[in-house]
Amino acid sequence: MLTSTYTLVALSVEQTTVRTALQSLVEDLHALPGDTTTLALGRAAQLCARLRQVYDSCHWRKLDKFLVPALRRHTAAADGLLRELEQLSERAAEAIFAAEACVAQLERPVPREHFCGAVERGVAALRHRLEREEHELFPLARSLVGGDAWFAIANQMLAHDAHQREQREPQRRFGHALPPPAPARRPAPASLSISH
């Protein structure tokens with residue numbers, strides 16, 4: 001029970017991070033000037049890239065890497081819900097493609113209504129997925145996944161966190177990524193000494 005609680009709390013922290021990123025994106029979207037029918041390409045492209053980043057980060061969450069595979073292995077009862085969550089991700093992806101299409105036409109101004117509508121649809125689909133994960137998937141997992149499986153998930157998550165810390169440690173210590181090793185130098189030829 002304690003292991004499942006730890007795991008679900010760790011997953012909830014990730015949920016909060018995604019929610020915060022989505023809320024920040026929505027606030028920036030609503031802060032765009034409202035008196036024009038088009039948007040500056042650079043600003044729209046920036047918002048689009050942020051939405052893409054949030055979407056991509058959702059697929060690298062511990063929930064998708066560890067909990068969902070465990071549910072698939074241990075029970076078929078979650079299959080319907082997992083399919084519906086995947087459909088929400090597909091809906092978000094379609095909205096992102098529509099937003100990206102708006103900024104891909106470099107010679108034309110970005111149509112405000114179409115672009116903002118696409119971004120809002122993407123955000124709404126991701127938020128809906130987060131809500132269903134929290135209110136349906138987490139309780140289902142708590143009731144269906146056994147103690148040994150929770151223990152295995154927690155171990156995988158801890159190993160993943162340790163690996164992430166190891167990857168960040170050189171950057172933290174030196175303030176940046178380590179440079180690649182210098183190519184090996186050929187030894188200088190030994191000087192000939194002539195004895196008299």
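A few remarks follow.
- The criterion of being more than 12 Å from residue 18 (Cβ to Cβ), at pLDDT below 90, among the hydrophobic types (A, V, I, L, M, F, W, C) and surrounded by 13 or more Cβ atoms within 10 Å (Cβ to Cβ) holds for residue 71.
- The stretch 82-196 holds helices (runs of 4 or more DSSP H) entirely within its bounds, and those carrying 2 or more residues that are at pLDDT below 85 and either on the phi > 0 side of the Ramachandran plot or basic (Lys, Arg) (or both) map to 147-174.
- Cβ pairs under 6 Å, 6+ apart, first in the stretch 1-17 and assigned to a helix (DSSP H, G or I) and among the acidic types (Asp, Glu), second exposed (fewer than 10 other Cβ atoms within 10 Å of the Cβ) and at pLDDT below 80: none
- Residue that is surrounded by the most Cβ atoms within 10 Å (Cβ to Cβ) [pool: residues in the stretch 18-49 that are among the β-branched types (Val, Ile, Thr) and in contact (Cβ under 8 Å) with a residue 40 or more places away in the chain]: 18
- Of the residues making up the stretch 150-170, those that are of a type in the set (A, V, I, L, M, F, W, C) and surrounded by 12 or more Cβ atoms within 10 Å (Cβ to Cβ) are 150, 151, 152, 153, 154, 157, 158.
Conditions (1) within 30 Å of residue 154 (Cα to Cα); (2) of a type outside the set (Lys, Arg), marked per residue:
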{"position": "37", "(1), (2)": "no, yes"}
{"position": "41", "(1), (2)": "no, yes"}
{"position": "44", "(1), (2)": "no, yes"}
{"position": "52", "(1), (2)": "yes, no"}
{"position": "68", "(1), (2)": "yes, yes"}
{"position": "74", "(1), (2)": "yes, yes"}
{"position": "98", "(1), (2)": "no, yes"}
{"position": "105", "(1), (2)": "no, yes"}
{"position": "129", "(1), (2)": "yes, no"}
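- The stretch 111-129: number of residues that are surrounded by fewer than 20 Cβ atoms within 10 Å (Cβ to Cβ), within 16 Å of residue 88 (Cβ to Cβ) and in contact (Cβ under 8 Å) with a residue 40 or more places away in the chain: 3
The values are calculated or read from the model by the stated rules, or taken from the named source; none is laboratory data. Because the structure is a prediction, the values reported are computed rather than measured. With ideal geometry, Cβ positions are generated from the backbone for all residues, glycine too; neighbour counts draw on all protein chains shown.
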